[in-house]
1. Output the number of the condition that Thr46 fails; it satisfies all remaining conditions of (1) at pLDDT 95 or above; (2) part of a helix (DSSP H, G or I).
2. Please pick out the residue among Gly79, Gly54, Gly28 that is modelled with pLDDT under 95 and under 23 Å from Ala101 (Cβ atoms).
3. Inside region 106-120, can you point out the residues that are in a helix (DSSP H, G or I) and of a type in the set (Gly, Ala, Ser)?
4. Please identify the pairs in which a residue from region 70-93 that is touching a residue at least 12 places away in the same chain (Cβ under 8 Å) and basic (Lys, Arg) has its Cβ atom under 8 Å from the Cβ atom of a residue that is assigned to a loop (DSSP other than H, G, I, E, B) and surrounded by fewer than 16 Cβ atoms within 10 Å (Cβ to Cβ), counting only partners at least 6 apart or on another chain.
5. (1) at pLDDT 95 or above; (2) exposed (fewer than 14 other Cβ atoms within 10 Å of the Cβ); (3) closer than 16 Å to Leu82 by Cβ: which one isn't true of Gly40, the others all being true?
6. Looking only at residues that are without any contact (Cβ under 8 Å) to a residue 12 or more places away in the chain and in a loop (DSSP other than H, G, I, E, B) in region 1-43, which one is farthest from Ser128 (Cα to Cα)?
7. Do we have any residue at all in region 59-70 that's in a helix (DSSP H, G or I) and more than 30 Å from Arg151 (Cα to Cα)?
8. Quick one: how many residues across region 1-58 are charged (D, E, K, R), over 19 Å from Glu153 (Cα atoms) and over 16 Å from the mean Cα position of the chain (by Cα)?
Amino acid sequence: MTIPVTERVAAYLADHTTLNLATDGPAGLWAAAVLYVVDGPDLCFTSVAATRHGQNLQATGRAAGTINDDVATWEAMKGVQLEGEVVAIDDVAARTRIAAAYLARYPFAAALWHGERDPAVIGAEPGSHGFFALRPTRMYFMDNQHHPEGRQEVPLDRAVR
């Protein structure tokens, strides 16, 4: 039985933590690894707006990225490739929800907010670590072991969830 690509991607995203984010903008081309949580169709992360990738995201609102396994052979390559719009999460209720998910997945991240563990406090005042949502406009899943003829496009109307 073949598992639909949307289900495979959802499971893959749940099993991984790092989004390798690629940006372009006034600060030039840049890449940064960020920890993410899934929120509906969005991949949400926290970052300092003053960083090089933060400046680029604020200027262009666009990024591309990969979430992939670190492997030694072509046959073992597997991962998600995506591009999309990036928006700052300004709504306090949304930030609170994302902060709760972020702290549940990454308890050590409380250090970003000086040890604060209350999502409502973080959502109301995130300090220098703002929250962003990457909203994919195109996504592909690559799994050379099970789909060696190439990557599969992920239908975005049902993609992440």
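The values are calculated or read from the model by the stated rules, or taken from the named source; none is laboratory data. Note that the structure is a prediction, hence the values are computed from the model and not measured. Counting neighbours? That spans all protein chains shown, and the Cβs are built from the backbone with ideal geometry, glycine included.
1. The failed condition is (2).
2. Numbers: Gly79 fails: modelled with pLDDT under 95; Gly28 fails: under 23 Å from Ala101 (Cβ atoms).
Selected residue: Gly54, the only one of Gly79, Gly54, Gly28 that is modelled with pLDDT under 95 and under 23 Å from Ala101 (Cβ atoms).
3. At the first step, the residues of region 106-120 found to be in a helix (DSSP H, G or I) are 107-113, 119-120.
Hits for region 106-120 are Ala109, Ala110, Ala111, Ala120.
4. What qualifies is Lys78/Asp69; Lys78/Val71; Lys78/Gln145.
5. Against the list (1) at pLDDT 95 or above; (2) exposed (fewer than 14 other Cβ atoms within 10 Å of the Cβ); (3) closer than 16 Å to Leu82 by Cβ, Gly40 comes up short only on (1).
6. Quick first cut of region 1-43, residues without any contact (Cβ under 8 Å) to a residue 12 or more places away in the chain only: 1-4, 7, 11, 15, 29.
If we keep only those that are in a loop (DSSP other than H, G, I, E, B) too, we end up with 1-4, 29.
Working: Met1: 47, Thr2: 45, Ile3: 41, Pro4: 40, Leu29: 22 Å.
The residue in question is Met1.
7. Of the residues in region 59-70, the ones in a helix (DSSP H, G or I) are 59-60.
Within this subset, residues satisfying the condition of being more than 30 Å from Arg151 (Cα to Cα) are 59.
Yes: region 59-70 contains one or more residues that are in a helix (DSSP H, G or I) and more than 30 Å from Arg151 (Cα to Cα).
8. Here is the first cut: in region 1-58, the ones charged (D, E, K, R) are 7-8, 15, 24, 39, 42, 52.
Subset that is over 19 Å from Glu153 (Cα atoms): 15, 24, 39, 52.
Narrowing the set further to residues that are over 16 Å from the mean Cα position of the chain (by Cα) leaves 24, 52.
Total meeting the criteria: 2.
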